[in-house]
Amino acid sequence: MAVTTGDTRIPFIAGNWKMNLDHLQSIAFVQKLAWTLRDANHDFGDVEVAVFPPFTDLRSVQTLVTADDLQIRFGGQDLSAHDSGAYTGEISGAFLAALDAAYVIIGHSERRQYHGETDELISEKVAAAHRHGIVPVICVGETAEDLEEHGPSAVPVAQLRTALEGAVRGQEIVVAYEPVWAIGSGQAATSAQAQQVCAALRELLVEVLGDEAAAATRILYGGSVKAANIAGFLKEPDVDGALVGGASLQLEEFASIVRFKSHVGTL
Ligand code: PGA
């Protein structure tokens, strides 16, 4: 498990592949990523790395990670709120846990937008993840309209407040702040914008979970993250990593994001 105690939060770079790369491609990609990071002497205790492939890839990724004893971690992009039964097309947290998935993304804006996921359902999914010992990566974020109407942090804070109702106290969570207008648009938030909302999210964590848990919880920024802007985000006190979409599919770019500490003159 990731060690996240006190305010010594280990930066976390997570690659959300979305609906890209089949199981054969996933093996080639993870293998090359491992080689690239090994050649660069990457310290996984210094910056944690995880990939989130499609469900059909997970067994292949698990087999590779186990066989080669890789430190790259992995998780699902979603899970069912239910554990088993007549839910055609759904994936149980029990199945993800059986494949050693450490994490699961919950409430990504694409799930909210295209699959009608509500804050209440997301809260149930957080509970399901915790039932199976999987760390939920809880995604929150405002649309451009929300931003205009409610300002920067009201919507993400409200989304997180409901999602946390499903969280078991004492179990790890990761929060990902992803402004919907920044996802896949090439138009990332500024690091100051990300910091402002991540600070508001941490305040909510203090209120709901207490000081210690809030200080230990990693809050990621997501939305058009690339090698050229990652170091700026990670300089901010309340941004502890990134959830990377498009750039996580480009090997060199993703490896460079993981190695943000080595970006000369940017940190
Ligand atoms: P992007 O996606 O990096 O392609 O903007 C981020 C995400 O949706 O998690």
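Return the Rg/Rh ratio of the chain with Cα-based radii and a Kirkwood Rh. Mind dumping the intermediate values first?
Details: Rg = 17.1 Å, Rh = 18.3 Å.
On the Cα set of the chain, Rg over Rh gives 0.93.
Could you tell me the convex hull volume per residue, in Å³, taken over the Cα atoms of the range 104-148?
Details: hull volume 2.9 nm³, N = 45.
Measuring per residue, one finds 65 Å³ for the Cα hull of the range 104-148.
By average Cβ neighbour count within 10 Å, what is the ranking of 172-180, 151-159, 105-113 from highest down?
With the highest mean Cβ count within 10 Å placed first, the list reads 172-180, 105-113, 151-159.
Considering only lysines 8 or more places apart in sequence, or on different chains, count the pairs in the chain whose C-alpha atoms sit under 17 Å apart.
Working: K18/K226; K226/K235; K226/K261; K235/K261.
For the chain, qualifying lysine pairs total 4.
Mind checking the log10 I(q)/I(0) for the range 168-253 at q = 0.16, 0.17, 0.19 Å⁻¹? Debye, one equal scatterer per Cα, no solvent, two decimals.
At q = 0.16, 0.17, 0.19 Å⁻¹ the computed log10 ratios are -0.60, -0.67, -0.80.
How big is the charge dipole of the chain about its Cα centre, in debye rounded to the nearest 20, if each Lys and Arg gets +1 on its Cβ and each Asp and Glu gets -1 on its Cβ?
On the way: 18 positive and 35 negative charges, 122 e Å.
So the magnitude is around 580 debye.
Please state the equivalent ellipsoid semi-axes for the range 125-221: what are the square roots of 5 times the Cα gyration tensor eigenvalues, largest first, in whole Å? Don't jump to the answer; show the numbers that get you there.
Numbers: eigenvalues 110, 39, 29 Å².
Ellipsoid half-lengths, sorted descending, are 23, 14, 12 Å.
Lys and Arg at +1, Asp and Glu at -1: add these up for the other residues within a Cβ distance under 14 Å of E253 and post the number. Write out the running numbers ahead of the final one.
On the way: positive: K32, K226, R259; negative: E252.
Here the count lands on +2.
Relative contact order, percent, of the chain when contacts are C-alpha pairs under 8 Å separated by at least 6 residues? Spell out each step's value before the answer.
Working: 520 pairs, mean separation 53.8, N = 267.
Answer for the chain is 20 percent.
Compute the signed sum of charges (Lys and Arg +1, Asp and Glu -1) over the other residues within less than 13 Å, Cβ to Cβ, of E203. Don't skip to the answer; put the middle values down first.
Values: positive: R161, R202; negative: E207, D211, D238.
It works out to a net charge of -1.
We did not get these values from a lab; they are worked out from the coordinates using the rules stated. Everything quoted here is computed from the prediction, not taken from an experiment. Here Cβ is always computed from backbone atoms with ideal geometry, including for glycine, and neighbour counts include all displayed protein chains.
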